[in-house]
Each structure stands twice: as structure tokens, then as C-alpha cells.
Amino acid sequence: MDSNYKLSEKVKVFIEDAKLEEISIGCSDSQVFKIEKLDKTYFIKISSKGNLTSEYEKLKWLNDKLSVPRITLYDYTDDTEYLITESVGGEMACSEYYLNNPKIGISVIAQAFSQIYDVDISDCPFDVSIDYKLALVENNVKNNLIHLEDLKDETLKKFGSLENIIRFLKENKFNDEKCFSHGDTSLPNIFALKDKFVGFIDVGECGIADKWFDLAICEKSIRRNYGEEYIQQFYNELNIVPDREKIDYYLLMMELYL
């Protein structure tokens, strides 16, 4: 196991005699490995202390509320966190199968959103609403984590600076249409088996938020993976008329995400 981090003793014991494969897609703040052990599949995330705490707490809360990975082991040292979860099964909604069968992919994604909307938020302790997100992107800009070259050409032409984007987002924010939000409904985080949704991964940003945020993220990912022509099918499957103003607002905000 070629880890960038020192492993805890509990992790060393768990992966002993297991087959490991590093996963490079997504999870920019963590190092991720697939673990094959005793005919079962697990995934381990390893990151700096504090980066996995939120996901661990949210996976615990989501147990039996949403199809997400079950926690197998959580551990930490003075400077590192480790999270091992069972595989949800299936394959990503942007795998070769779904890229070749995008209509099936759209159906699966609609099933995933139906599960999201079924989560009761009455006792949800996690607030990731619009003010939380605005604070997050403003912090990214203040700490020089986002640069002008990261922006789309049309965004830079329209706003001219990162500060102007932040000002626009603050002055044009709207009231949340509150529901449960996964927080990153891009296709690599949605897993399915043929025409059946099986689960989500990467729930570190989940909580109570505006429904249009998840829709905007998914729209962007569908466009990138399946093509523009499948966007309307996505909304048709959900029986939703897209609010372009709100979706475009979040698409702009996402340019300031890491």
C-alpha cells in the first residue's frame, strides 16, 4: 500500500493480507484505496486530521435513512484520519455502461434523487444552506485557493474579478427551498446496477440545503458525461420545471469551489 500517510495500528490490522488498489477519481482532499478482503469490497479514505470527521458523522446519521456506505472502521492519530466503509455495490453512473446507455443512466439518477427527497430533515443537525455555501466560497477566494484562470472565459468576461462574483452571489441570494441535500450529486458519486440505483458515496457536504443546489451539480455532471441533450430528460424524469435563474446561480457559485 503506497500511502502518503502513516497508517494507524487498527488500519494495519484490517488491511493485512488484503488486496488494495488506489482510486484516483474524485476525493481531492483524501487518498482513497479499494480493499478486497475475504470476498468483500471496502474503501478506505485517509486524510489530514479533521477532513473526514464530517463524513463520518454524516454517515452515522444517514444509516437507514439513505443508501450510503456502512462504516466498518473509523480511526485517527494526532494528524491523520482513517475511514473504512463497505462498498455500496454497482458502478458509477458515469461508467462505460452508462455512458453507452445514458437513458438508463438518467433513470437511475432520478431514482437517486427520489431517495434524497425522501429523507426527513426534521431532526437533521447539518445545515449546508446558502449562507454556509457563500461563506465557503468567500473563504476560498480570501485564501487565494481560487484563481482567475480557474474561471470560464464567459464568467471572467462578465464579472472581471473573483470579488465581483462574490458580490453578485451575496446580492442575489434567495431563500432556500429546503430539503435534504447530498451536497455533491455528480455522477461519480451515484452508483447503480443496470437500471437500479444502489447508493451514494462522498456525503461529507450533505445536510439541509436548497433543492436547486443538488440539481445544478447533477445537471453540470450530466452535461459533461452524457451531453446537453439529456438535461431535459433529467428534469422530465423528476417532473420538475427547471428554475434557470437558481440553477445558473449555483453553477456560477461552483466555479469558486475547490
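Please enumerate the residues belonging to region 175-195 that are part of a strand (DSSP E or B), out of contact with any helix residue (DSSP H, G or I) (no Cβ under 7 Å at 6 or more places or on another chain) and closer than 16 Å to SER67 by Cβ.
Let us first name the residues in region 175-195 that are part of a strand (DSSP E or B), namely 178-181, 190-193.
Keeping just the survivors that are out of contact with any helix residue (DSSP H, G or I) (no Cβ under 7 Å at 6 or more places or on another chain) gives 178, 191, 193.
Those that are part of a strand (DSSP E or B), out of contact with any helix residue (DSSP H, G or I) (no Cβ under 7 Å at 6 or more places or on another chain) and closer than 16 Å to SER67 by Cβ: PHE191, LEU193.
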**OP:** Specify which of the listed residues (ILE23, ILE15) is among the hydrophobic types (A, V, I, L, M, F, W, C), farther than 26 Å from ILE109 by Cα and surrounded by 13 or more Cβ atoms within 10 Å (Cβ to Cβ).
**Re:** ILE15
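Among strands (runs of 3 or more DSSP E) lying entirely in region 3-119, which contain 1 or more residues that are β-branched (Val, Ile, Thr) and over 23 Å from LEU187 (Cα atoms)?
On the way: elements: 19-23, 31-37, 40-48, 71-76, 80-86.
By residue number, 71-76, 80-86.
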Original post:
When residues of region 206-258 are filtered for being closer than 18 Å to GLY105 by Cβ, of a type in the set (Asp, Glu) and surrounded by fewer than 19 Cβ atoms within 10 Å (Cβ to Cβ), how many remain?
Top reply: 3
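Answer yes or no as to whether LEU99 is of a type outside the set (Asp, Glu), in contact (Cβ under 8 Å) with a residue 24 or more places away in the chain and buried (at least 20 other Cβ atoms within 10 Å of the Cβ).
Details: of a type outside the set (Asp, Glu): yes; in contact (Cβ under 8 Å) with a residue 24 or more places away in the chain: yes; buried (at least 20 other Cβ atoms within 10 Å of the Cβ): no.
When the stated conditions are applied, LEU99 does not pass them.
Determine, yes or no, whether SER181 is outside the structural domain of LEU52 (by TED's automatic domain parsing), closer than 29 Å to PHE33 by Cβ, buried (at least 22 other Cβ atoms within 10 Å of the Cβ) and under 22 Å from the mean Cα position of the chain (by Cα).
Working: outside the structural domain of LEU52 (by TED's automatic domain parsing): yes; closer than 29 Å to PHE33 by Cβ: yes; buried (at least 22 other Cβ atoms within 10 Å of the Cβ): yes; under 22 Å from the mean Cα position of the chain (by Cα): yes.
So SER181 fits the description; yes.
The values are calculated or read from the model by the stated rules, or taken from the named source; none is laboratory data. Bear in mind that the values here come from a model prediction, so they are computed numbers and not experimental data. Neighbour counts are summed over all protein chains in view; Cβ atoms, including those assigned to glycine, are modelled from backbone coordinates with ideal geometry.
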